[in-house]
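Where a number appears in this text, it was derived from the coordinates with a stated rule and is not lab data. Owing to the predicted nature of the structure, the values given are computational and were not obtained by experimental measurement. As a convention, Cβ positions derive from the backbone with ideal geometry for all residues, glycine included, and neighbour counts pool all protein chains shown.
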Amino acid sequence: MHGFDYSRPASVSDALRAMVSLGTAKSRFLAGGTTLVDLMKLDVETPDHVIDITGIDELRACDVSGARELTFGALANMSEVAEDPFVRESYPALSEALWRAASQQLRNMATIGGNLVQRTRCAYFRSTAYPCNKRVPGSGCSAIQGINRGHAVLGVSDACIAVYPGDLAVALLAFDAVVDTMSPRGARSIPLGDFHLEPRSTPHEETVLCADELIVRVRVPVTKVGKGSTYVKVRDRESYAFALTSAAAAVDIAEGVVRDARIALGGVATRPWRAREAEQSLIGSALTDETARRAGELAFEGALTKPMNAFKVPLGINTIVEALMIARQRA
């Protein structure tokens, strides 16, 4: 591991001042460390200075009692949010997305804010022996002609086909979550749908977050579709594995007709993926196996596959159908 200096500020303002004074090029914020430390061990990340924000208590506050929104502090860990009784009862998709991510040990360490900015698990990105446009812009993408069974079929480009690895962001996207940040320029609120970027020609730019900008909280608008929701994750083994396909689905049904529908996909795209056309196809209709399958097919229109990952399209459609059927039962 590359040697580095370490500091532990006590407030958001102190953390931002430290980042400015030390320089953004070779400094990194550290929260749970389940991504950054891992990448530092691989020499993919080589910061000269690590700014540990875990001592900032103001980033831990959560509140699920509001009439308009739920708020989760950036340093709230995955386990405590997943276990919250209100979240489990009223927004099961959020709880399930957290429970089905990583291992118990990692869930106890990993934070809500850090989870949103975790980097891809593409093996070519994580090995300095291979060209990777995310790691070294302009060097090429080894995955396009390489072993790409687990890679993306939606939102891909000629420069990168790495899949976004997270679960929580997929569920949050279905509920129109907003990310609040602070930087030396002040505060801003970013809709989660605008937070992650597709690779296009700049795959090293993964989010709209600036290097000197810190996530402080995530807000989820209160919605009727919360209870009628689920997160279905299909993977090679039942635990501690990344999604081959996943779907967060939520529906509001009255008198047998869908009034609102949310579908977000994971494991298949270069960023958390909202299937809005699929959602619209359900509204005003009964939710049946047939209408659910049609929604699944719409969600994967335009998918660009490789021979190794073409199976993700039919598997993804089936994942959406299963998720919508569970959501229907809960609604």
### Message
Going by amide H atoms built from the backbone, whose H comes under 5 Å of the H on Thr245, apart from near neighbours?
### Response
Val234
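If contacts are Cα pairs under 8 angstrom and at least 6 residues apart, what is the relative contact order of the chain in percent?
Working: 777 pairs, mean separation 55.0, N = 331.
That works out to 17 percent.
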#### Entry: segment 115-122 - phi-based ³J(HN,Hα) in whole Hz, Karplus 6.51/-1.76/1.60, Gly and Pro as x
4, 5, 10, 4, 9, 4, 9, 3
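Kindly state, to the nearest 0.05, the FRET efficiency for Ser13 paired with Asp52, given R0 = 22 Å and r defined as their beta-carbon distance.
In this case the efficiency is close to 0.90.
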### Ser65-Asp176 FRET efficiency (beta carbon distance; Förster radius 25 Å; 0.05 resolution)
0.80
### Summary
Counting only DSSP beta bridges with both partners in the chain, the antiparallel fraction in percent, to the nearest 5, comes to 85
### Query
Taking R0 as 56 Å, what's the FRET efficiency between Glu80 and Ala25 from their Cβ-Cβ distance, rounded to 0.05?
0.95
### Query
So how do Ile215, Ile283, Ile317, Ile190 line up by other beta-carbon neighbours within 10 Å, fewest first?
Ile283, Ile190, Ile317, Ile215
### Query
To the nearest Å, what is the center-to-center distance of segment 204-277 and segment 120-159, using C-alpha atoms only?
23
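Quick one: Arg28, Arg100, fewest Cβ neighbours within 10 Å first, how do they rank?
Arg28, Arg100
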### Message
Can you give me the angle between helix 12-22 and the longest principal axis of the chain, using Cα atoms only, in degrees from 0 to 90, rounded to the nearest 10?
### Response
50
### Summary
Taking a crude spin-label model, label points 7 Å out from Cα along the C-beta direction, the Ser139 to Ala211 distance in nm is 1.7
### Task
Return a whole-number percent for the relative contact order of segment 4-90, with Cα pairs under 8 Å and 6 or more residues apart as the contact set.
30
#### Entry: Helix 289-299 vs. the chain, principal-axis angle (Cα, 0 to 90°, nearest 10)
40
### Number of Lys pairs (Cα under 25 Å; 8 or more positions apart or on different chains) in the chain
8
### Query
Could you state the number of Å between the C-alpha centres of segment 302-331 and segment 1-39?
38
### Task
May I ask for the net charge around Asn77, where only other residues with Cβ less than 13 Å from the Cβ of Asn77 are counted and Lys, Arg are +1 while Asp, Glu are -1?
-1
#### Entry: Rounded, prolate or oblate (a/c below 1.5 giving rounded, otherwise prolate when a/b exceeds b/c) for segment 225-330 by Cα gyration tensor
prolate
### Message
What does the net charge come to around Arg88 if you take all other residues with beta carbon closer than 13 Å to its beta carbon, with K and R at +1 and D and E at -1?
### Response
-3
### Task
Within 10 Å of each residue's Cβ, count the other Cβ atoms and sort Glu58, Glu80, Glu198 from fewest upward.
Glu58, Glu80, Glu198
